[in-house]
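Okay, so here's the structure we're looking at.
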Amino acid sequence: MTEPATATDGRAELAKAYVPAEAEAIVTQRWQAANASHAEPAAPGTPTYSIVIPPPNVTAALHLGHALNNTLQDVLVRYHRMRGHATLWMPGTDHAGIATQTVVEKRLLNDGIKRLELGRDAFIDKTQEWKDEYEAIILSQLKQMGFSCDWDRTRFTMDEICTVAVREAFYRLFDDGLIYRGKRLVNWDPATRTALSDDEVEMEEIDGHMWYLRYPIEGGPLDDGTTHVTVATTRPETMLGDTAVALNPDDPRAEALRGRRVVLPIVNRSIPIVEDDYVVMADPDSTEAKAQYASGFLKVTPAHDPNDWDIGQRHELAVINIMGPDGSISDQYGWDDVSDQARAFVGMSREDARTAIVAWFDDNDLLEQVRNYTHSVGHSYRSHVPIEPWLSDQWYVAVTDDKLRGSALRAQNAEQLPDMPDGVGDRGRSDGDGSLTFYPARYARTYASWHENIRDWCISRQLWWGHQIPVWLRIVDESDASAEVIDALERAGIDQAEPVQSEWTRRGAAHHARRVTATEIEESICIGPDAAVRRSDARDATTEADLVAAVEAAGYTRDPDVLDTWFSSALWPMSTMGWPWSEDFPETEGLLESFNPTSVLTTAREIITLWVSRMVMFNRYFLDGQLPFTDVFIHAMIQDGHGQKMSKSLGNGVDPRDIIHSHGADALRYSLVQMTTDTQDVRMPVNIVCPHTGDVFEPEFITNASGYTVTAPVQSSPSDPSKKMVSAYGIATAEAAATDDMPAARNTSAKFDLGRNFANKVWNATRFALGRLDGTSESTANRVVNAAQASFADRWILARLQQTVTEIDSLMGRYQFNQIAETLYDFIWRDVSDRYLEAVKATIDTDVDQQVVLGAVLDAVLRLLHPVCPFVTETLWPNVAAVRGGSVAGLALPPSELVALAAWPVADDSLADPAVIADFDRADALAAAIRTVRSEQQVKPRREITMHVPPAVSALIDTAGGVVESLAGIGTVDDAEGAPPGANIIVFEGEQVLLSDMVDAADAGAEIARLDKRIDELRKQVSGLDARLSNAGYVDNAPPHLVDETRQQRAAAQADLEATQAARSAL
RNA sequence: GGGCGAUUAGCUCAGUUGGCUAGAGCACUGCCUUCACACGGCAGGGGUCGUUGGUUCAAGUCCAAUAUCGCCCA
């Protein structure tokens, strides 16, 4: 193999096959040296194109899902950059609060270190180290895949510039009354001890039980002798916090029970019986599981169930919280009527308490029955333990406010969401209304219906890793409260925050107060970033540090919680571009004006609610209705070979670096683009590369504890089973560790062969041309070829090029990625390589015009393919540039040092030539028919045969100017009369074409068989067409052009049939 | 429970508003190591388009049921 020496102009000697690893390293350097992907704000009048990367979490290395997502973005970005747009692709990573904290905690625990013992600052340092490590890995992966992000602008969601944006956004929302603090039921994760938003809760089907517990009726039996009511519950342990029993008002038993109370067992609490529509009535014959299992009585535990909370609100029930933050039974969080009997349960875990309480009911003859019951239970997406609805103080964004939710809905394209939901109001209030378009369109409804059912967004997380909430709190007794606070609270009820005018607001902070108990008041001071405090028009504005010091001196302490990760992600298209004060970060000046709204957001569908919605709400809120992006492209998901979603726990993620290693980055990218369709998720069966032998083999699978099919952690080499290796699953799940004897094995997949072969094809097609072109010669250097005077093959390939450019332009605008890949494949492989290069082989060495055309076509091919396959095209670019000369009229291909910075080809309409394309297809069809006979007669490929043609066919052959001869291996073209006896006959367009000099002795039997088979086919075809034409319904109702077409087809098939029959009978 | 998507060749997938003999890649068969490419060329085999019913001159495509799988929401 030739060493790819790099000359100063970037040209390399071309090896026989494309070697991605060598090319990728060199090309990456050239891009870096040219700063090829850097963007500056657009000059006036220049069109812009921008994308912000969905910032990957710093929890782990990227997998193929990221590769897909970002490949699509790079295709768009490179395409628009070549189109001459000022193009920005903003890269970065996300701190991913809970996810990162969890992985770091786990790693520390492996070393025996506990987070709480380590302390907040030291833990954050450790997490920072993790972040640095994985951020570097992620950025390196992105670069290895060739992504043309503006690396100079790489951001992290906890960078100072992002922090300023987060602080300012929080401050403004707080000041505007859209952020509030309240005691609510939250989705509590007892394992990580933090609240989760609704979106972070995953529902899982659980095989559980329905327990039927008897609660004695207070004050003696009813008239019918009933002594108790039976409540049905899946969570008996929460009964300690029951504050009512509810039944449906339509229940026949309601009247007798009205006004009665029950005595809560164990606790001996007297609780009311209330009537509420929510309660499902018992009906053993119902098709609904709920009614089948219902007893008609519902225990109501407002502190531990969201539905019960609502019932409690309606009936003004007490709220008794019987659990601590770790999910154990506790009397420290609002339970103060603990009976002696109940005391025994305090301190138990929720699981133990469930067992113990059921046992207690059984022992006391109050357990009526137990039935198996499958129901869905919310689990933490992070720790996977069941969620505990838990009462606590949290911060919320009032996303249900019209300024957020309504704005998000009004943003939607009116074609995709014609009617606004009730109460949202019509579009047309602000700029971005009606401009948000989803591709594929069906996701517009997903987005809309989510907003219709949205609840306020819980943004506080009990974590250390993240943006700490910029609010300082203190609780004061009403008697100690300032007059300003009392004055503000006059206007409000309990648990409602009210703005206060105070010394703090006069110094540039925001001040709220709310009553938290009958006598206590909670005051909260929100302080903006230093840049905001300094700019404040408040009378006594100082600095953030001074203000914080003063607030803390006054007895306020900062809320230790941090913000939900998605709060900072929601600001990503703004914060990365310098909002709110780009003058403080000069490198960002002008970005917001040039590049926000961005052109498109590319993401997977799971993130529509978490991220897309919130970016829309925030961007519009802070930027006068301006959208963060106008298009949203939702792409497919990559599943493993068993149709399972790729996930860390299944260890079935594939590292793109493995694919780059086995196939190259361009192959990875091309194959991913090729499989990106509107609808279908993609299955990716993965093989393993043996690190000992290089063998590629299908791994051994096992079924894990949860019933999923996973790769066995340790695999054996197929050719030598004594050699072992660790699979990616083994590494991801830590079930096996790589050693010298048992190294880690890379993954690969045959799905990427397609892309690798294609890159190699481009490579070799170019090598062919390089051997035939010499652009430095006098004759070609300044030659301008006019298509009208060019040869048939040249006119054809230029017409096809024009068609291809037009098609790709259209497909790019519609995000039809798989069709882009197919269009490129068809043009480059089928047309340029298989047909054009074969057709010109005979003439290229002498036809100077053809050399110009070939050079131009190759140049255009590299440009067209560049967005998808940047490495191979950039590698070949200088070589092609060096040998091509002249130009083609109507085909603009201005020179450029790098193809990455070259102009997208512009092919004038004058190059379009449907007649030439039609004639070429005819010539190609004739050649194909001849090749079929050659193959059947086993004619040697190099043997040049003679064809004998009637005048009609002769005309085509003349028109085609040698193409038929080249493609069919014809040495001589003769007229029909000259055919020797025994010549083979094919029928083309109703005419007989004879072939001779095929073999030394013709096989008459094979010839007869072939013609008989063809006659059979043609008969079927004719009779099929006859059937259609004899159908009056078709002739009368189908569009006339289709009927005409059918008649022509019928005539052509009939002519072919007759000619073939004539040939057959001549034998 | 609600919504969305899928079911087409052995495998992985295309098939735009209904209209040429339902396509591609891999795999398979035969021939070819021809001076761009065996990561290749040429030729070929292989599909009752999940099932049932309907609309239509015409259904892989539209409608209705139904089965199976996946995802999202509750």
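The values are calculated or read from the model by the stated rules, or taken from the named source; none is laboratory data. Note that the structure is a prediction, hence the values are computed from the model and not measured. Note that each Cβ is placed from the backbone with ideal geometry, even for glycine, and that neighbours are counted across all protein chains shown. What goes into the accessible areas is simple: the full protein's heavy atoms, side chains included, and nothing from ligands, DNA or RNA. Shrake-Rupley method; radii C 1.70, N 1.55, O 1.52, S 1.80 Å.
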TODO: Select from the stretch A:688-708 the residues that are under 15 Å from A:G730 (Cα atoms), over 24 Å from the mean Cα position of the chain (by Cα) and within 16 Å of RNA strand B (Cβ to nearest atom) and write down the one among them that is least open to solvent (accessible area, probe 1.4 Å).
DONE: A:P699
Open item on the list: Checking A:T192 against (1) open to solvent by 50 Å² or more (accessible area, probe 1.4 Å); (2) within 51 Å of the chain's Cα centre (by Cα); (3) not acidic (D, E), only one condition comes out false. Which one?
Closed with: (1)
Open item on the list: Against the definition (among the charged types (D, E, K, R), within 30 Å of A:L893 (Cα to Cα) and assigned by TED's automatic domain parsing to the domain that holds A:I138), how does A:R107 come out, yes or no?
Closed with: no
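If I filter the stretch A:252-281 down to residues being open to solvent by less than 50 Å² (accessible area, probe 1.4 Å) and part of a loop (DSSP other than H, G, I, E, B), which single residue comes out as farthest from A:L367 (Cα to Cα)?
A:D276
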TODO: Mind telling me which of the residues A:L1018, A:L1011 ends up being touching a Ser or Thr at 6+ places or on another chain (Cβ under 7 Å), outside the structural domain of A:Q789 (by TED's automatic domain parsing), near RNA strand B (Cβ under 10 Å from one of its atoms) and assigned to a helix (DSSP H, G or I)?
DONE: A:L1018
Task: Selection status of A:I206, farther than 30 Å from A:A39 by Cα, in contact (Cβ under 8 Å) with a residue 60 or more places away in the chain and either open to solvent by 10 Å² or more (accessible area, probe 1.4 Å) or outside any strand (DSSP E or B) (or both) - done: yes
Open item on the list: So the check is Cβ under 9 Å with 6+ separation or different chains; which pairs have a first residue in the stretch A:47-66 that's crowded, with 21+ Cβ neighbours inside 10 Å and a second one that's aromatic (F, W, Y) and in a loop (DSSP other than H, G, I, E, B)?
Closed with: A:I53/A:F147
TODO: Could you look through the stretch A:516-537, keep only residues that are touching a Gly at 6+ places or on another chain (Cβ under 9 Å) and open to solvent by less than 10 Å² (accessible area, probe 1.4 Å), and pick out the one that is modelled with the lowest pLDDT?
DONE: A:V533
Open item on the list: Pull out all pairs, ordered by first then second residue, where Cβ-Cβ is under 9 Å, the residues are six or more apart or on different chains, the first lies in the stretch A:933-956 and is more than 25 Å from A:D1012 (Cα to Cα), and the second is open to solvent by 80 Å² or more (accessible area, probe 1.4 Å) and at pLDDT 90 or above.
Closed with: A:L956/A:R922
Task: the stretch A:420-441: number of residues that are among the basic types (K, R) and loosely packed, with under 13 Cβ neighbours inside 10 Å - done: 1
TODO: For the stretch A:173-188, enumerate the residues that are more than 16 Å from RNA strand B (Cβ to nearest atom), outside any loop (DSSP other than H, G, I, E, B) and at pLDDT 85 or above.
DONE: A:L173, A:F174, A:D175, A:I179, A:Y180, A:R181, A:W188
TODO: Take the stretch A:381-410 and flag every residue that is over 24 Å from A:E452 (Cα atoms) and either of a type in the set (S, T, Y) or assigned to a helix (DSSP H, G or I) (or both).
DONE: A:S383, A:S392
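Table: residues versus (1) in contact with an Asp or Glu (Cβ under 6 Å, 6 or more places away or on another chain); (2) in a helix (DSSP H, G or I); (3) open to solvent by less than 40 Å² (accessible area, probe 1.4 Å).
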| site | (1), (2), (3) |
| --- | --- |
| A:S722 | no, no, no |
| A:A736 | no, no, yes |
| A:M742 | no, no, no |
| A:A769 | no, yes, yes |
| A:D774 | no, no, no |
| A:A793 | no, yes, yes |
- [ ] Could you list all residues from the stretch A:460-484 that are under 26 Å from A:A550 (Cβ atoms) and part of a loop (DSSP other than H, G, I, E, B)?
- [x] A:W464, A:G466, A:H467, A:I469, A:P470, A:A481, A:S482
Task: Residue pairs meeting the criteria (Cβ under 8 Å; at least 6 apart or on separate chains; first outside the structural domain of A:I820 (by TED's automatic domain parsing) and within 6 Å of RNA strand B (Cβ to nearest atom), in the stretch A:743-766; second among the basic types (K, R) and open to solvent by less than 10 Å² (accessible area, probe 1.4 Å)) - done: none
